[in-house]
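**Q** This structure is in structure tokens; I'll ask about it shortly.
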Amino acid sequence: MATVTLDDIDLSDPELYATGDPHAVWTHLRRNAPVFFQKHGFGPGFWAITRYDDVVAMSADRRLRSSGGRTTTGELREPGSVAADILVVTDPPRHTQLRALVNKAFSPRVVASLEPYVQEIVDGILDSLHERHSCDFASEVAARIPFTVICQLLGVPDEDRGALSHAVGHFLESRAHVDEEARDDIDIGRYFLDLADERRRQPRDDLVSRLVGAEVDGERLSDGDVLALAMLLFIAGSETTMNGMAGGLLALLEHPHERARLVNDPALWPRAVEEILRWVSPVLNGMVRTATEDIKVRGTQIDAGDKVTLWYPSANRDQDVFAEPFRFDVDRDPNPHITFGAGWHFCLGASLARLEIRVALQSVLERLADLELDGEVTRLRSNVSNAIERLPIRYVW
């Protein structure tokens, strides 16, 4: 977008993220309207918060609630659309209680123990490409790795994963396009409810078994609670890491000098993963929140009842926080990105996402030579996720 004006901006338009330049828009907003009201002709609109310090502060502001109502900018954009239950994230104290049930499964110690398993998955997927010299990295590699890992953690049997992967693809596509065409979320929901019933009868060492056996305040979780938690873990565990992985490889392909630094000095990988997360910012904004009372931000009043959105990719390129924010630097330090959110909604699976991205991309650079793009990169038409739909690459073994 060569010239940006406030009147031209529509942050809820999926085309901005598929074919436009959202960073030009976010930069304009940070400089000229960091607390920006996005108008709509048919609805109430929403506030967009784009500066780093404001996003961090408002992430922990108890006057903003995420429970109930619509939860994505797309759902605010489309009159009459309704948020899927699995996307509604609870607030404290209920959020804290539910989060505690699965926290241990994603502790740094437990996640570190998963590295050999993740490496085995990555090696198997790369081995399957050995007879070829090109592939679509987004669908054939990036999508498969986190999906396989989260299925294992939840206890999804191998024989169910093919059909479930197909259903998830339809669900994410329909959510990205924000339409009311045939959606598979009900089918996925029914699957996890059936899996929960099975685990009640025959518990195993997996997350679904842990959920159905858990108690909060002396009471077992309802089917709705079990479904919401399982679906949140499943979708977030697949989608966010997939986007980070594909976007990370694209960044490395577009910055060959930085890629060469990693190949020559693998000790840079921990910092490189953080820079990939900052650069890609797989989630465009956190759930839409509602002000429960009047709030002033930079002298602008947000009225009680107004909808508020926090834009992580914009915060991650804030020039007041990051030196040369539009430079991709695999040795950036410090790097206080907020890709995983902030406050009580900080991403539960952050450690696992970091592990999967590092193992996958490091293995790709070590095993595939002469790596380069092999066609046009296409992005998903989505105002929810920063997702690459197609990433064709060419390589030699």
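**Q** To check my understanding: the extent here is largest minus smallest coordinate of the Cα atoms along each principal axis. What are those three numbers for the chain, in Å, largest first?
**A** Largest first, the chain extends 58, 55, 39 Å along its Cα principal axes.
**Q** What's the Cα-based Rg to Rh of region 264-397, Rh via Kirkwood?
**A** That ratio is 1.04, to two decimals.
**Q** Leu391: net charge of surrounding residues, Cβ under 14 Å, Lys/Arg +1, Asp/Glu -1, itself excluded?
**A** -3
**Q** Please report the base-10 log of the normalised intensity I(q)/I(0) for region 233-318, using a Debye sum with one equal scatterer per alpha carbon and no solvent, at each q in 0.15, 0.17, 0.24, 0.25 (1/Å).
**A** -0.71, -0.81, -1.16, -1.21
**Q** Given charges of +1 on the Cβ of Lys and Arg and -1 on the Cβ of Asp and Glu, with all other atoms neutral, how large is the dipole of the chain about its Cα centre, in debye to the nearest 20? It would help to have the intermediate numbers written out before the result.
**A** Values: 43 positive and 63 negative charges, 214 e Å.
Dipole about the Cα centre, nearest 20: 1020 debye.
**Q** Through the Karplus equation 6.51 cos²θ - 1.76 cosθ + 1.60, θ set to phi - 60°, convert the phi angles of region 49-64 into ³J(HN,Hα) values in whole Hz; use x for Gly and Pro.
**A** 9, 10, 8, 3, 4, 6, 4, 5, 5, 6, 5, 10, 7, 5, 7, 9
**Q** Loop-only check: which GluC sites (Glu not before Pro) in region 297-397 are DSSP coil with at most 14 other Cβ within 10 angstrom?
**A** Listed in order of number, the matching sites are Glu376.
**Q** Report the charge-dipole magnitude of region 204-334 in Debye, nearest 20, computed about the Cα centre from +1 at each Lys and Arg Cβ and -1 at each Asp and Glu Cβ.
**A** Details: 14 positive and 23 negative charges, 74 e Å.
Taking the Cα centre of region 204-334 as origin, the dipole is about 360 debye.
**Q** Roughly what would the spin-label model give for Asp217 and Leu253, points 7 Å off Cα along C-beta, in nm?
**A** 5.1
**Q** Can you give the Rg and Dmax of region 271-347 based on its C-alpha atoms, in angstrom?
**A** 14.5, 43
**Q** While we're looking at this one, here's another question. I need to check one value: relative contact order of the chain, counting alpha carbon pairs closer than 8 Å and at least 6 residues apart, in percent.
**A** 27
**Q** Still on this structure, please answer the following. Please list, in chain and number order, the residues 5+ apart from Met287 or on another chain whose amide H is under 5 Å from its amide H, with Hs placed from the backbone.
**A** It is none; the list stays empty.
**Q** Considering only DSSP beta bridges with both partners in the chain, what is the antiparallel share in %, to the nearest 5? Display every interim value, and only then the final one.
**A** Values: 23 of 26 bridges.
Roughly 90 percent of the beta bridges in the chain run antiparallel, per DSSP.
**Q** In deg cm²/dmol and to the nearest 500, what is the mean residue ellipticity at 222 nm of the chain if only DSSP H runs of at least 4 residues count, each as -39500 (n - 2.57), divided by the residue total?
**A** Taking each H run of at least 4 residues, the total per residue is -14500 deg cm²/dmol.
**Q** Considering only the other residues whose Cβ falls under 15 Å of the Cβ of Gly299, what net charge follows from Lys and Arg at +1 and Asp and Glu at -1?
**A** Within the 15 Å Cβ shell, the charges total -1.
**Q** Taking 0.36 nm per residue of separation and subtracting the Cα-Cα distance, what length does fully extending Asp265 through Glu131 add?
**A** Contour length minus Cα-Cα distance gives 45.4 nm.
**Q** What do you get for Rg/Rh of region 302-369 when both radii come from the Cα atoms and Rh is the Kirkwood radius?
**A** Details: Rg = 16.1 Å, Rh = 14.9 Å.
Expressed as Rg/Rh, it is 1.09.
Taken together, the values in this text are just the output of simple stated rules run on the coordinates, not laboratory data. Not measured: the values here are computed from a predicted model. Every residue, glycine among them, receives a Cβ derived from its backbone with ideal geometry; neighbour counts consider all protein chains shown.
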